[in-house]
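Written out below as structure tokens is the structure these notes cover.
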Amino acid sequence: MEHLISCENVTKEETEEIINLAFKIRETIREGKKKFKALRGKCIINLFFEASTRTRTSFEKAGKFLSADVINISASASSVKKGETLIDTVKNLDMMHPDIIVLRHACEGACNTIIPHIDASIVNAGDGCHEHPSQALLDTMTIVENRENLEGLNVVIAGDIVHSRVARSNIILLKKLGANIFIFGPSTMMPRYPEALGVKVLSSFEEVAKIADVLILLRIQLERLNAKKVFPSLREYATFFGLNKNRLKMLKKDAIIMHPGPVNRGIEINNDVITSPKSVIFNQVENGLAVRMAILTTICGKKNKLLEELNA
Amino acid sequence: MNNLLIRGALVIDPSQNIEKRMDILIENDKIVKLEKNIPSAESTFIIDAEGLVLTPGFIDIHTHLRDPGYEWKEDIESGSLCAIAGGITSVCCMANTDPINDNATVTRYIIEKAKQVNLCDIFPVGALTKGLKGEEIAEIGQMVKAGIVAVSDDGEVPRDSKLLRNAFDYVKSFGIPILCHSEDKTLSTGGQMNEGYLSTLLGISGIPPEAEEIGTIRDIMIAKLTNAHIHICHVSAEGALKIIEKAKKEGVKVTCEITPHHFTLTENNVKTFDTNTKMSPPLRTAKDVEACKEAIAKDIADIIATDHAPHSKDEKMVEFSNAPYGIIGFPTLLPLSLTLVEEGILTLSKLVEKLSFKPAQIINRKDIGSLKPGQRANITIFDPEEEFILTEEMISSRSKNTPFLNQKLKGRVKLTVRNGRIVYNNL
Ligand SMILES: [Zn+2]
Ligand SMILES: [Zn+2]
């Protein structure tokens, strides 16, 4: 694997390899080991043009746990504000000879834009409304952990599908692994052509509850809503599309609930849900670190070295 | 006396229903004779065009020459050089320059500069509204006096329908057409590509074809109301073509154009996030491309125009959503149009009509678009069979923003004559 841009280019086998490696990493971390030498001498730049605590911290820790040199650059500190283009910024950073640039950017296809201009490998940490492949890999790991086999599993993604890179990456990857994907939310947040994504739109929570083995709730991006006028009020969203105690009871007994975080408590999800045994939200965070360590190691071609350390 | 005899070409002149091997004699800037076997004694300068096709010079009524104000993208000279290399001897240039061509001073500047450059006819298009703002009617009369051949707010869209009604009514008295970029921008706002399957996959904000359809209906309704002649620019959506077809049947004075990229490429070309596939209106679906071809075959689309829109490399070398809309069109006009003939959509003669005679009629120019003796000698000679790879070096435009760069094309311009003078020679 040279880059990780889109789940379109990740095969089923690659997914399984990354997830298996991530499980091994997680085991060792749980045993208290937090330092590996696999990426010693490697340089990773986290280039974030959008605010993000969770994903950036996760990538930063992943690099540091692997002993790579990690440089964090956020948009406010970079020269982008001085009118430098993305390509110029990245070209300049490439002169530092990083092995990997982890990029988050507000524009769809930002990774594709820079690839022809640099030598480093690119990991897409979210490009606009396009994709967020490391999130899909950690979500897949979390589902695998609870269900083992994804074949025929019904996954429902609820929320703003149109503007969600998490939804797009998950749909592509989980379908590759044999899951059936459904989407749910206000019609204004459903794509005009759901068939393009190979998903079915559900129209009521009753349907969701009946079908879902896995329910992924997306974060409602409050900043997006006011501008686009896609629903009248948060109260109305919570009433019709949020998950609460009563709805929780309607779900299948063994259904699991996921959320990419950070959550808006009381809107798409409330306290009862977060603390319910069905919720695997905190596992997702833990898996996120392990998956990102596995991704960075795989891209640097140091998988065997890391396995030696893990098996030691 | 300056004269030029071109021998042996297949002459195609739809204005006279001519399609046969003939010789053509030019004296000074005029065509004087179009006959079989004109004796060589009649001219001192002879060109052998055996095996080539000779037609009236192409007329491109939708271009952006960026001069004044955006000369790093294009200027009148580089634009002219690029046009004549594409066999185009007349271009209409849109008003979205800086300053905007919404007054006679800017119009005169363009005409003056075109005269100095003196490579092809440049007919300025004036703004319909002051500053392209859609608030007040521009001084159209003054600009007509200075030499504009049409008005257009292309680049923007007037939102106020009452103002549009007044503007259409006003333009009528000057006998020039209104070139409409028909779009409901309140519906397409934020859109970067066609709203369809691909935009769903890429997460890119879509421009629904309905935005074009609503814009087209609105403009046609106002044309019907005012009885003005409107010409709808760059039609790209099947639905919009249906609306135009119906309006034509009802007798509304509406004509329209389709660009080569809209009858050649689909939204699938956007897949790689290549900013040279970003334009307005956007590339649509295969179904729309088929509809465009059918409209050309059925004469619903009167002409082909390029919407030549140069942007520098720096401007296009950015993220897809941050890139400006538009691609250059002069270098690919002929080869892409010839594919229509190859596919049997059109006869060669019909194609030539849509590239020369018909556009001349739309802008009311009787001195171009025909090879009748007495006409100004604007002539294009091309080899429909020659294949070539389009390289940056071949493009005289300041900008090279075309998705056809480094691709193999078929149909090459060999010689361009304007006002009796050879301005481009690739024989
Ligand atoms: Zn336009
Ligand atoms: Zn235009």
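Things to note:
- Percentage of interatomic Cα-Cα distances in region B:237-391 larger than 22 Å: 48 percent
- Cut-off under 5 Å, modelled amide H: who pairs with residue B:424 long-range: B:416
- Under the span-like rule (Cα at least 20 Å along the axis, Kyte-Doolittle mean at least 0.0), DSSP H helices of chain A: A:281-299
- Computed across the protein assembly as shown, the Kirkwood radius stands at 28.6 Å (inverse of mean 1/r, all Cα pairs).
- Hz values of 3J(HN,Hα) by residue in region B:71-77 - Karplus curve (6.51, -1.76, 1.60), Gly and Pro given as x: 5, 6, 8, 5, 9, 4, 6
- Antiparallel DSSP beta bridges within the protein assembly as shown, percent to nearest 5: 35 percent
- Taking the convex hull of the alpha carbon positions in chain B and averaging its projected area over all directions gives 18.7 nm².
- Candidate lysines - alpha carbon under 26 Å from residue B:372, same-chain residues fewer than 8 apart omitted: B:20, B:30, B:33, B:36, B:115, B:350, B:354, B:358, B:414
- Projected label distance in nm at residue B:42 and residue A:253, using a 7 Å step from Cα toward the beta-carbon: 10.0 nm
- Cβ-Cβ FRET estimate between residue A:308 and residue A:193, R0 fixed at 45 Å, reported to 0.05: 0.40
- Helix B:286-297 vs. chain B, principal-axis angle (Cα, 0 to 90°, nearest 10): 50 degrees
- Placing R0 at 41 angstrom, the Cβ-Cβ distance between residue B:268 and residue A:92 gives a FRET efficiency of 0.75 after rounding to 0.05.
- The chymotrypsin sites (Phe, Trp or Tyr not before Pro) found in region B:49-108 that occupy coil by DSSP, while having at most 15 further C-beta atoms within 10 Å, are B:72.
- From least to most packed, judged by other beta carbons within 10 angstrom and beginning with the fewest, B:376, A:247, A:30 follow the order A:30, A:247, B:376.
- Region A:1-66: C-alpha gyration tensor shape, a/c 1.5 cut-off, then a/b vs b/c: oblate
- Computed from point charges on the beta carbon alone (+1 for Lys and Arg, -1 for Asp and Glu), the dipole magnitude for region A:245-312 about its Cα centre is near 260 Debye.
- Projected onto their three principal axes, the Cα atoms of region B:364-427 cover extents of 41, 26, 21 Å, largest first.
- Label point of residue A:151 set 7 angstrom out along Cα-Cβ; within region A:162-182, amide nitrogens under 13 Å from it belong to A:177-179.
- Computed about its Cα centre, the charge dipole of the protein assembly as shown is approximately 1640 debye, with only Lys, Arg, Asp and Glu carrying charge at their Cβ.
- Coordinate range along principal axes, alpha carbons of chain A, Å, largest first: 53, 50, 33
- A simple packing score, the average count of other Cβ atoms within 10 Å per residue, orders the peptides A:230-238, B:251-259, B:222-230 as B:251-259, B:222-230, A:230-238, with the highest score first.
- Rg to Rh quotient for region A:133-280, alpha carbon positions, Kirkwood Rh: 0.93
- In summary, the aspartates and glutamates within cross-link reach of residue A:245, defined as a Cα separation below 13 angstrom excluding same-chain residues under 8 places away, comprise A:268, A:272.
Each reported figure results from applying straightforward, stated rules to the coordinates on display, with no laboratory input. Remember, predicted model here, so these are calculated numbers, not experimental data. FYI the Cβ positions are ideal-geometry reconstructions off the backbone, even for glycines, and counts take in every protein chain you see.
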